[in-house]
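Everything below concerns the one structure shown next.
The values are calculated or read from the model by the stated rules, or taken from the named source; none is laboratory data. Being a predicted model, the structure only gives us computed values, none of them experimental. Note that we place each Cβ from the backbone using ideal geometry, even for glycine, and neighbour counts take in every protein chain shown.
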Ligand code: XMP
């Protein structure tokens, strides 16, 4: 019968047999799948695994720390952090078109990851150990959707930051290939990962870069990070994390409206709340959440986030609206 303990034991044995004494690398995003995949591989081969975390500066508040501190503390994994914020912001300067943004973020991610990977291969080479494996958090539904292919790094660009390079010469380690999302969460808990990681709601690979309607700048990211943190805090406090599939918080950076705050007239930006209920993100309905929670979020965001003087609620289903605004 299926138990998380037996899944972990089985996978640990399989990974040891597959990898042997060689080395593996894994791109960590902070998401559930890559975190659980990395944790299980770490349990199997320890320091033969190195995780790479590309800090692109598009994360939500506290997310980098969650990877760099909490995940490392929980797993003891060997982590290489690449601070690439400036590089991503430079590449995104002047760009407002959503598809352009996605392409740029995907492209830069691949470049940064390849560079980190090349450095690891060079370091390991000096010690005579071959880096031959790439760990991916592919789930069972991903395989079914993509036609059952095996053994290649051909991942839908929608689901990872740009996907990883096609010409990669690594063999894949995919310890979650037989699991559904809820099973992955159980395995993560079994491996000692904190709820903040294991129960995390979906978050797009391109991050806050596609939640700023308009050009992405550091100031706008900081503003959106504050507004998003407030919304998440209040939703969690109200016990709505399970009921709500996800709640994108969007900054309409090119829109301004007149308001009155403190001593007088303001001319600030609107923040959009997009709480949705869904089974699989293919379709979604806007969540009929309690007015008093909406009121608290609105009051706090307009009081605490400079340059925001209006909070609006998105009441569109999917279809016709996508969950994300870009
Ligand atoms: P949409 O906006 O298409 O989103 O209704 C459906 C689900 O996918 C997530 N999403 C992404 N996830 N990379 C990702 O890893 C992406 O480029 C991306 N775009 C959207 C979105 O958050 C929702 O859960």
Check whether at least one residue in the range 199-208 is without any contact (Cβ under 8 Å) to a residue 24 or more places away in the chain and not assigned by TED's automatic domain parsing to the domain that holds residue 43, and report yes or no. no
Return the residues of the range 91-112 that are more than 15 Å from the ligand (Cβ to nearest atom) and assigned to a helix (DSSP H, G or I); say none if nothing qualifies. 91, 111, 112
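So which of 319, 270, 275 is in contact with a strand residue (DSSP E or B) (Cβ under 6 Å, 6 or more places away or on another chain) and either touching a residue at least 12 places away in the same chain (Cβ under 8 Å) or over 23 Å from residue 214 (Cα atoms) (or both)?
Numbers: 319 fails: in contact with a strand residue (DSSP E or B) (Cβ under 6 Å, 6 or more places away or on another chain); 275 fails: in contact with a strand residue (DSSP E or B) (Cβ under 6 Å, 6 or more places away or on another chain).
The conditions single out 270.
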Of everything in the range 82-119 that's within 14 Å of residue 50 (Cβ to Cβ) and crowded, with 17+ Cβ neighbours inside 10 Å, which residue is modelled with the lowest pLDDT? 117
Determine if the range 232-249 includes at least one residue that is more than 24 Å from residue 285 (Cα to Cα) and assigned by TED's automatic domain parsing to the domain that holds residue 300. no
Scanning the range 31-81 residue by residue, the ones that are surrounded by 21 or more Cβ atoms within 10 Å (Cβ to Cβ) and without any contact (Cβ under 8 Å) to a residue 24 or more places away in the chain total 0
